[in-house]
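Each remark here refers to the structure printed beneath this line.
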Amino acid sequence: MSQKHATTLIRSLCARGAVHHARGVFDEMPERDVVAWTAMLSGYASNGRHREALDVFRLMAAAGVAPNEFTLSSVLTACRGGGGGAAGRRCGASVHAVAVRRGVEHMPYVVNALVDAYASCEEGLMDARRLFDALGGGRTAASWTSMIAGYSRWGQESMGLHLFQQMIQDGIDLSPFTCSVAIHSCTSAVNLCVGQQLHVLSIKKALLLNLVVANSLVDMYCTCASMLDARRFFDEMPERNLVTWNTIIAGCSRRDPLMSLQLFLGMDIEPNFLTLTSITSACAGLAALRCGQQVHGSVLRRNYGEDLKISNALVDMYSKCGSISKAKKVFCMMSYKDILSWTSMISGYGMNGYVNEAIELFNSMVQTGVYLDRVVFMGLINACSHTGLIDEGWKIFRSMILEYNMQPNKEIYGCVANLLARAGRLREAFDLIDRMPFAPDESVWGALLGACKMHKNVELARLAANKIIEINPDGAKTYILLANIYAADSKWGDYALTRRLLRDRGSRKEVGISWIEVMNKMYSFSTADSSSPQVSLADEVLQMLVHHMDEGGNDFASSMIHLYLNGSAVIEVKYRKIHAGSFSIHDE
């Protein structure tokens, strides 16, 4: 076989992914020119075999064959894919030096590959920009795209979008890939306005038929919480693939879990583990236990039970549905656990009132050598807050700083302030907020304000409310809560003034809605809701529970209540008193 025919065969085999067979042909060649070496090297790089590509380049140099611009372009692709970070930058710099010695550093293939390689690591972003600027009028769509993608990859989305705007102004043809990169920048920056402009530009350039662009737009609208636009665009898409479905379902699972379930039922394509992970999260958001169990069954039937992401989602779902024993079962069956697995289980124990189990699991986590993060401590402190273990929560907070040398963030300070405030230690909570190394946000002051209402501290309530109004002057719930505090303390003048301020702003508090799953049906209700016949029955049951608990005092109390819905469904509720004023529904 001639050298030319062998090289053609190598390219053909690599294009089909048969790299091993291509290497066999390459090794049997008695003589190899730069084209043959480049074909083999490029074949490895294009198939993601970056280490082998670099090995071929070293063998090529040892054989004394001089690389050309196409060779160096393929090597730079391998540098970008194989090393990343500082290693990728060193690899790119070495190839850059070879390009300079060979006098091909200004060739379009080489320059574009150099920009892409440097921009793939954060440390090389400035080098990439210098090369890009040096191109001047020689910039191609590829070099623009590499630079924009580099900025987006390393958190400089606004710079990437500014560069994209320059590119359009310079009259560079817009490719689907470049457009999708720009849309991804909007997604990362949560910039809905520019994202909508890119949507219009995609329509003008007839790019919406490209699935990569269309899927990027769905993701952008979901991330920017514009769910109606996301759903409208999704419904108008003439073609959808699994990525499309996973994107819209994942987006809805965060913002509108009920819509996520509806979309899942309408899927016309086989779901994968990503789909089921999102649906499990949607069930957790709705606290829909029966639905979550059905999804769990689907996971097991498709042999996804060993998938880490799905297992973590199942632990979280069962915890949020109050089925802590099933959450523990999934957790214990996991062959590998990451930080999220441990955090989900600890938080699950905490939110269901099992603070001792949460602390015990935390100690086991420390012993196994798992890296601790702030989320773990926040879960523990929240658990202590919900169960009234104030001193234990404070001890965990102090150990985080002194023993584990970890500085709390704003969220943890807020948790500790809430811990103290709920226990009536309002002045300590206020002092902690005042000493925070961050500017307290609305949620931190809101926790203090809610505790002030609980413990009838009007002066601190007024101070906390003023802080919230400075941050968000149009928040209706702050005015309403402060007015209620004044009313409870018979300060009717302050009450009237606060209500007048609320009216003057024209704000209205949104009605909070809760829901519960009973016998495979979802029931929703709100404050003072009398639209459902079950509300009066629920009130009767609540009064029975309160009466029974008042009689039982602090002793263990167990009761079985039969509540009939629609004439036949029976709810069996078991409860126990954990601490004075704190109860949990639990499963057996």
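The values are calculated or read from the model by the stated rules, or taken from the named source; none is laboratory data. Because the structure is predicted, anything quoted here is derived from the model rather than measured. Don't worry about glycine lacking a Cβ; one is built from the backbone with ideal geometry, like all the others, and counts go over all protein chains shown. For the accessible areas, the whole protein counts, side chains as well, though only heavy atoms, and no ligand, DNA or RNA atoms are used. Shrake-Rupley method; radii C 1.70, N 1.55, O 1.52, S 1.80 Å.
Things worth noting here:
- In the set His199, His162, only one residue is surrounded by fewer than 16 Cβ atoms within 10 Å (Cβ to Cβ), over 23 Å from the mean Cα position of the chain (by Cα) and farther than 25 Å from Ser278 by Cα; that residue is His162.
- Selected residue (criterion: least open to solvent (accessible area, probe 1.4 Å)) from residues of the stretch 481-500 that are farther than 22 Å from Ser443 by Cβ and among the hydrophobic types (A, V, I, L, M, F, W, C): Ala487
- In the set Ala53, Ala66, only one residue is closer than 23 Å to Val98 by Cβ, touching a residue at least 12 places away in the same chain (Cβ under 8 Å) and outside any helix (DSSP H, G or I); that residue is Ala66.
- Where a residue in the stretch 406-424 is within 14 Å of Glu442 (Cβ to Cβ) and touching a residue at least 40 places away in the same chain (Cβ under 8 Å) and its partner, wherever it lies, is surrounded by fewer than 20 Cβ atoms within 10 Å (Cβ to Cβ) and among the acidic types (Asp, Glu), with Cβ under 8 Å and at least six apart: none
- Residue satisfying condition, being under 30 Å from Ser2 (Cβ atoms) and in contact with a helix residue (DSSP H, G or I) (Cβ under 9 Å, 6 or more places away or on another chain), within set Ala93, Ala39: Ala39
- Contact map, the stretch 297-310: residues that are within 13 Å of Glu270 (Cβ to Cβ) paired with residues that are open to solvent by 40 Å² or more (accessible area, probe 1.4 Å), Cβ distance under 8 Å, separation 6+ or inter-chain. Pairs shown: Arg302/Phe273; Tyr304/Phe273.
- Qualifying positions in the stretch 189-219 - hydrophobic (A, V, I, L, M, F, W, C) and within 14 Å of Leu161 (Cα to Cα): Ala189, Val190, Leu192, Cys193, Val194, Leu198, Leu201
- The set of residues from the stretch 1-29 being open to solvent by 30 Å² or more (accessible area, probe 1.4 Å), over 20 Å from Ala45 (Cα atoms) and at pLDDT 90 or above comprises just one member, Glu28.
- Residue in the stretch 403-413 that is surrounded by 15 or more Cβ atoms within 10 Å (Cβ to Cβ) and closer than 23 Å to Ala488 by Cβ present: no
- Checking Thr343, Thr368, Thr387 one by one, the residue that is touching a residue at least 40 places away in the same chain (Cβ under 8 Å) and β-branched (Val, Ile, Thr) is Thr387 and no other.
- Tyr371 being open to solvent by less than 40 Å² (accessible area, probe 1.4 Å) and either among the hydroxyl-bearing types (Ser, Thr, Tyr) or out of contact with any Lys or Arg (no Cβ under 8 Å at 6 or more places or on another chain) (or both): no
- Any chance Ala417 is among the small types (Gly, Ala, Ser) and either open to solvent by 50 Å² or more (accessible area, probe 1.4 Å) or within 30 Å of Met351 (Cβ to Cβ) (or both): yes
For (1) at pLDDT 95 or above; (2) part of a loop (DSSP other than H, G, I, E, B); (3) more than 27 Å from Thr247 (Cα to Cα); (4) not acidic (Asp, Glu), each residue gets a yes or a no:
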position	(1), (2), (3), (4)
Leu131	no, no, yes, yes
Gly136	no, no, yes, yes
Gly150	no, no, no, yes
Ser188	no, no, no, yes
Tyr221	yes, no, no, yes
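- Number of positions in the stretch 343-354 that are in a helix (DSSP H, G or I) and either at pLDDT 90 or above or of a type in the set (D, E, K, R) (or both): 7
- Selection within the stretch 314-338 - open to solvent by less than 10 Å² (accessible area, probe 1.4 Å) and touching a Cys at 6+ places or on another chain (Cβ under 9 Å): Met317, Ala327
- Flag for Ser443 being of a type in the set (Gly, Ala, Ser), closer than 25 Å to Arg374 by Cα and open to solvent by 50 Å² or more (accessible area, probe 1.4 Å): yes
- Subset of the stretch 308-342 (residues that are acidic (Asp, Glu) and at pLDDT 95 or above): Asp316
- Among the residues examined, Ser152 does not qualify as among the small types (Gly, Ala, Ser), surrounded by 24 or more Cβ atoms within 10 Å (Cβ to Cβ), under 26 Å from the mean Cα position of the chain (by Cα) and under 17 Å from Leu76 (Cβ atoms).
- Subset of the stretch 234-243 [open to solvent by 20 Å² or more (accessible area, probe 1.4 Å) and in a helix (DSSP H, G or I)]: Asp235, Glu236, Leu242, Val243
- Enumeration of residues in the stretch 105-129 that are under 13 Å from Val75 (Cβ atoms) and either touching a strand residue (DSSP E or B) at 6+ places or on another chain (Cβ under 6 Å) or open to solvent by less than 20 Å² (accessible area, probe 1.4 Å) (or both): Val110, Ala113, Leu114, Ala117
- Residue match in the stretch 72-90 (condition: over 15 Å from Ser146 (Cα atoms), surrounded by fewer than 21 Cβ atoms within 10 Å (Cβ to Cβ), of a type in the set (A, V, I, L, M) and at pLDDT 85 or above): no
- Scanning the stretch 236-259 for residues that are under 16 Å from Cys291 (Cα atoms) and either in contact with a strand residue (DSSP E or B) (Cβ under 7 Å, 6 or more places away or on another chain) or modelled with pLDDT of 95 or more (or both) returns a single hit, Ile249.
- Residue check for Asp173: touching a residue at least 24 places away in the same chain (Cβ under 8 Å), over 29 Å from the mean Cα position of the chain (by Cα) and open to solvent by 50 Å² or more (accessible area, probe 1.4 Å): yes
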